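The block underneath contains the structure these notes are about, expressed in structure tokens.
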Amino acid sequence: MTSMHSVPFARHDIVRVGVIGCGNRGGYLLNELLAVDGVAVIALTDMVDATARAAGAKVAQAGQPAPAVYSGADGWRRVIDSDIDLAYIATPWDTHAAYAVAAMEAGKHAA
């Protein structure tokens, strides 16, 4: 097994984040992300359209540009395929690992 301990990563003044899952935990984590200087939430998704739209409105209300908002079964893939640096995944355990692996395979960081 190899370690990522000494792998250099490019420094970003603004980290572009995509949020996958905007329900209970994801909604809370979105608030935390919006409070961090240097974070731009540029894409988000939830299986429930109204939840995704409400999260998008929250981003805009926080003073950031309106993010791309997706919903439904393929929303997670659309977020990963967008121009993000980090996929922040707040989904149930049975999808969480697969989404994280897909994000990393796409060259994105995953949390």
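The values are calculated or read from the model by the stated rules, or taken from the named source; none is laboratory data. Because the structure is a prediction, the values reported are computed rather than measured. FYI the Cβ positions are ideal-geometry reconstructions off the backbone, even for glycines, and counts take in every protein chain you see. Surface accessibility is based on the protein's heavy atoms, side chains included, excluding ligands, DNA and RNA. Shrake-Rupley method; radii C 1.70, N 1.55, O 1.52, S 1.80 Å.
Just a few scattered comments:
- Taking the square roots of five times each eigenvalue of the Cα gyration tensor of the chain, the equivalent ellipsoid has semi-axes of 22, 17, 11 Å, listed largest first.
- Per-residue extension of 0.36 nm, minus the Cα-Cα distance of residue 61 and residue 101, leaves a gain of 11.3 nm for this segment.
- Highest-fluctuation residue, 28, 70, 99 considered, GNM on the chain with Cα pairs under 10 Å: 28
- Label-point gap, in nm, between residue 10 and residue 48 - each point 7 angstrom along Cα→Cβ: 3.7
- Surface share of carbon and sulfur [accessible, 1.4 angstrom probe, percent] for the chain: 56
- Less than 5 angstrom separates the built amide H of residue 68 from those of 43, 44, all sequence-distant by 5 or more or on a different chain.
- Over the residues of the chain, the helix contribution to mean residue ellipticity at 222 nm works out to -12000 deg cm²/dmol, using -39500 (n - 2.57) for each DSSP H run of at least 4.
- Cut-off under 5 Å, modelled amide H: who pairs with residue 39 long-range: 15
- Amide H to amide H, with H built 1.01 Å from N, residue 22 comes under 5 Å of 47, counting only residues 5 or more places away or on other chains.
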